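Structure, as structure tokens:
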Amino acid sequence: MNNYIGCTAMLFGSMVKYGVTYKQDQPGFELYKRKYTHDFKNLIVDENFNKSYPLEVEIINSFLVSKNDKIMLFNSDTYAITNEFKIKIHESTTREQNQILSMKMCEDEEYLAIISGKLLIKNEQQPNQLDIFIRKGKDFVHQSTLDLYSIKEFIFVSMDFYFMNNANNTNATHDPTSVVKTHLIFAK
């Protein structure tokens, strides 16, 4: 735009409605006014989501966003926060704070697994606990917690994990269409 107008200096006001241009050796300056205003960007939540993780939940037309020790559920159409729940995370004894490291949903979007722990330097992750939630309508209900800190095998395990879909694992009603998620697969 600078080259199109042919100026050496261009200033815009704080509302970016007016612009002033100046060309060297020019006796005056020119004032421009913006012709059109658009609002393509809207602020939804005025929070810092650094080190947060998003996760889409298509079946309820929403997405999850983690922030430290809480999960926020946003509507995909309106971007409004529809639900918010906290995760009980271990207290930190060092300077690194415990936070959510990874979130995964199973294929049918019924189970949510959340791993929390410490994010160390050079993005090294130290997992502390695994929380499993079950989706009940548009809410998530806590089912169980597993302390990963006491399991030595989790020291060098990646936080990239998946639910194992096994058609042979069925629930107590022996309905072959309903699969119980009893296993998680981790990458080392």
| task | Could you work out the relative contact order of the range 1-131, using alpha carbon pairs under 8 angstrom and six or more residues apart, expressed as a whole percent? | result | 11 percent
| said: List the residues, sorted by chain then number, that are 5 or more residues from Lys23 or on another chain and whose placed amide H is less than 5 Å from its amide H. | reply: Thr8
| request: Could you list which residues have their amide H under 5 Å from that of Val57, counting only those 5 or more apart in sequence or on another chain, with H placed in the peptide plane? | output: Ser62, Phe63, Leu64
| query | Want the number for Asn123 to Ile185: 0.36 nm per residue separation, take away the alpha-carbon distance, what's left? | reply | 20.2 nm
| Estimated vicinal HN-Hα couplings, Hz - the range 100-116 in sequence order (Karplus 6.51, -1.76, 1.60; Gly, Pro = x) | 6, 9, 7, 9, 9, 10, 6, 4, 8, 6, 9, 10, 10, 10, 10, 9, 10
| said: Give me, ordered by chain and number, the residues 5 or more places off Ser52 or on other chains with an amide H under 5 Å from its own placed amide H. | reply: none
| query | Once phi is turned into ³J(HN,Hα) by the Karplus curve 6.51 cos²θ - 1.76 cosθ + 1.60 with θ = phi - 60°, what whole-Hz value does each residue of the range 143-156 show in order, with x for glycine and proline? | reply | 9, 7, 10, 10, 7, 8, 5, 7, 8, 5, 5, 8, 5, 10
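The numbers here are math on the coordinates, done by the rules we state, and not lab data. It should be emphasised that the depicted structure is a prediction, and the values quoted were computed from it without experimental measurement.
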